[in-house]
Amino acid sequence: MAARQEKKPSEERKHKSTQNDTRRSQAQWGRAWEVDWFSLASILFLLMFAPLIVYYFIMSCDQYQCSLIDPLTDLLTGNKHLSDIWNKTPILTYRAAGIYTLWVTFQVALYVFVPDFCHKFLPGYVGGVQEGAVTPAGVVNKYEINGLQAWIITHVLWFANAFYFHWFSPTIIFDNWIPLLWCANILGYVVSTFAMIKGYFFPTNAKDCKFTGNFFYDYMMGIEFNPRIGKWFDFKLFFNGRPGIVAWTLINFSYAAKQQELYGQVTNSMILVNVLQGIYVLDFFWNEAWYLKTIDICHDHFGWYLGWGDCVWLPYLYTLQGLYLVYHPVQLCTANALGILILGLIGYYIFRITNHQKDLFRRTNGNCKIWGKKPEYIECSYTSVDGTKYHSKLMTSGFWGWARHFNYTGDLMGSLAYCLACGFEHILPYFYIVYMTILLTHRCIRDEHRCSSKYGRDWERYTAAVPYRLLPGLF
């Protein structure tokens, strides 16, 4: 989507000011404004059970060799009580607290105090100070894009330690995995609670705050659109794109190191998971400037959903395949390994090219070629809270003419490849594809609800031109 601002004379702006309140409801795209019973029920369920779900999965691997059925069977038959399982669960330790505190502090330092230098010598990479999308209040925030740099520095130090310094074992993450879970939960809840208090009493931009009047919904989905401390520490970008995602590849490396320690080898399935998920992580950081235009930054407010989710849900449940392979090493035959690799690479190709087409279209305002010809699009407009009118173009060419969220289709193909690498002995590693299918389908619906509120009849024209969401001809 390419957008440009329609300039207005200052006199006209003054006359428009009295109309802003009536336009406000039309300009409130982004997070839901009213809370229906289904949304509230879903949020209460997640607030109560999401932490338990994470604990259950990790505990199942630690105590039941990754079986999701055996813990329930033990409890229902009376073989064990909840207290028996809880008493065998590792507690929070000073060592884990020190590791986690050092980790987060280090990532904050890399994010805030080390300006990006990668864009100066990496052709094609966009880093340094970049602008985000227009917020509902008409604000355009600036960001220091240095995630790739943070990832490189972190991993250089990791491998320098593993092969030269030997300050700590490469298995340190796996060895402290459950104690680190308690640390991640503490940070997730502290950050989410602080964000809510900040939204009420000292928001970064009051016009971009949303209050539904429902405490649980506001806590879950967030009040502030872009909470910040100082000029550069943006909560949304940091927690979406630093501690959890930078750690993702390190977590997988730690799993591989543990497999080597236990069995004397690293299986090809573990290598596949490391490679395919590593590509995904590196893609995120290489295209971090593009990420500023995605739903997480452009529409979601910062609350428990992002704060706790990025601290706990992402690093613990997105890495289940590697964790499973520590307990159940799988050596795939060459044909199966090659097939899974091809599926993952095709999925990545669709994901990346689809996003590239949209980014190219946006950057050139439609003056480009998609699949060898000038792209087709639909002109549309929207209004911000301050009454400023903007014009956009919604592309209907290339993969975006096949489906409105075809990038998600590629993402799901890659997600399936991660799971297939683990074989079919247990259902646990397949949680990821089930979850991602639900998440991305729900994200499609959320995104389209916002776009409908934002663009009105122009969005109806767009959906008529591109009738499918994910699978052309089916959905």
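The values are calculated or read from the model by the stated rules, or taken from the named source; none is laboratory data. Remember, it's a predicted structure, so these values are computed and weren't measured experimentally. Because the Cβ atoms are built from the backbone with ideal geometry, glycine has one as well, and the counts that use them run over all protein chains shown. Side chains included, ligands, DNA and RNA excluded: accessible areas come from the protein's heavy atoms. Shrake-Rupley method; radii C 1.70, N 1.55, O 1.52, S 1.80 Å.
Observations on the structure shown:
- In the range 188-213, the residues that are outside any helix (DSSP H, G or I), open to solvent by less than 60 Å² (accessible area, probe 1.4 Å) and of a type in the set (S, T, N, Q): 205, 212
- Selected residue (criterion: most open to solvent (accessible area, probe 1.4 Å)) from residues of the range 214-233 that are farther than 15 Å from residue 143 by Cβ and assigned to a loop (DSSP other than H, G, I, E, B): 214
- The condition of being touching a helix residue (DSSP H, G or I) at 6+ places or on another chain (Cβ under 8 Å), surrounded by fewer than 21 Cβ atoms within 10 Å (Cβ to Cβ), of a type outside the set (Phe, Trp, Tyr) and part of a helix (DSSP H, G or I) does not hold for residue 439.
- Members of the range 323-352 that are part of a loop (DSSP other than H, G, I, E, B) and free of Cβ contacts under 8 Å to residues at least 40 places away in the same chain: 333
- Restricting the range 448-475 to residues that are open to solvent by 30 Å² or more (accessible area, probe 1.4 Å) and touching a helix residue (DSSP H, G or I) at 6+ places or on another chain (Cβ under 7 Å), the residue that is nearest to residue 298 (Cα to Cα): 452
- In this structure, residue 262 does not satisfy being assigned to a helix (DSSP H, G or I) and crowded, with 21+ Cβ neighbours inside 10 Å.
- Just one of (1) touching a helix residue (DSSP H, G or I) at 6+ places or on another chain (Cβ under 9 Å); (2) under 30 Å from residue 295 (Cα atoms); (3) open to solvent by 80 Å² or more (accessible area, probe 1.4 Å) fails for residue 54. It is (3).
- Residue 281 surrounded by fewer than 24 Cβ atoms within 10 Å (Cβ to Cβ) and either within 12 Å of the chain's Cα centre (by Cα) or outside the structural domain of residue 210 (by the TED database) (or both): yes
- Here the range 413-432 is the region considered, the condition is being assigned to a helix (DSSP H, G or I), open to solvent by less than 30 Å² (accessible area, probe 1.4 Å) and among the aliphatic types (A, V, I, L, M), and the residue that is nearest to residue 66 (Cα to Cα) is 428.
- Residue 320 meets all of the listed conditions (1) free of Cβ contacts under 8 Å to residues at least 60 places away in the same chain; (2) crowded, with 21+ Cβ neighbours inside 10 Å; (3) out of contact with any Gly (no Cβ under 9 Å at 6 or more places or on another chain) but one, namely (1).
- Those residues of the range 402-412 which are of a type in the set (Phe, Trp, Tyr) and open to solvent by less than 20 Å² (accessible area, probe 1.4 Å), in sequence order: 406
- Residue match in the range 383-393 (condition: among the polar types (S, T, N, Q) and at pLDDT 85 or above): no
- Taking the criterion of being touching a residue at least 12 places away in the same chain (Cβ under 8 Å) and among the aromatic types (Phe, Trp, Tyr), the residues of the range 194-236 that qualify are 200, 211, 216, 217, 219, 225, 232, 233, 235.
- Within the range 286-317, the set of residues being in contact (Cβ under 8 Å) with a residue 12 or more places away in the chain and in a loop (DSSP other than H, G, I, E, B) comprises 287, 292, 293, 299, 300, 301, 302, 303.
- Restricting attention to the range 353-371 and to residues that are open to solvent by less than 60 Å² (accessible area, probe 1.4 Å), free of Cβ contacts under 8 Å to residues at least 60 places away in the same chain and not polar (S, T, N, Q), the residue that is farthest from residue 411 (Cα to Cα) turns out to be 368.
- Top-ranked residue of the range 147-174 - restricted to ones that are in contact (Cβ under 8 Å) with a residue 40 or more places away in the chain and open to solvent by 30 Å² or more (accessible area, probe 1.4 Å), ranked as nearest to the chain's Cα centre (by Cα): 151
- Candidate set from the range 6-65 (those that are in a loop (DSSP other than H, G, I, E, B) and at pLDDT below 55); member that is nearest to the chain's Cα centre (by Cα): 29
- Some residue of the range 125-135 being charged (D, E, K, R), in contact with an Asp or Glu (Cβ under 7 Å, 6 or more places away or on another chain) and open to solvent by 30 Å² or more (accessible area, probe 1.4 Å): no
- Only helices (runs of 4 or more DSSP H) whose full extent lies in the range 67-121 are considered here, and the ones with at least 2 residues that are closer than 24 Å to residue 150 by Cα, β-branched (Val, Ile, Thr) and in contact (Cβ under 8 Å) with a residue 12 or more places away in the chain are 94-113.
- Exclusive hit being out of contact with any Lys or Arg (no Cβ under 6 Å at 6 or more places or on another chain) and in contact (Cβ under 8 Å) with a residue 40 or more places away in the chain, set 391, 442, 449, 405: 449
- Only residues that are under 20 Å from residue 279 (Cβ atoms), assigned to a helix (DSSP H, G or I) and of a type in the set (A, V, I, L, M, F, W, C) were counted across the range 127-174, and they come to 8.
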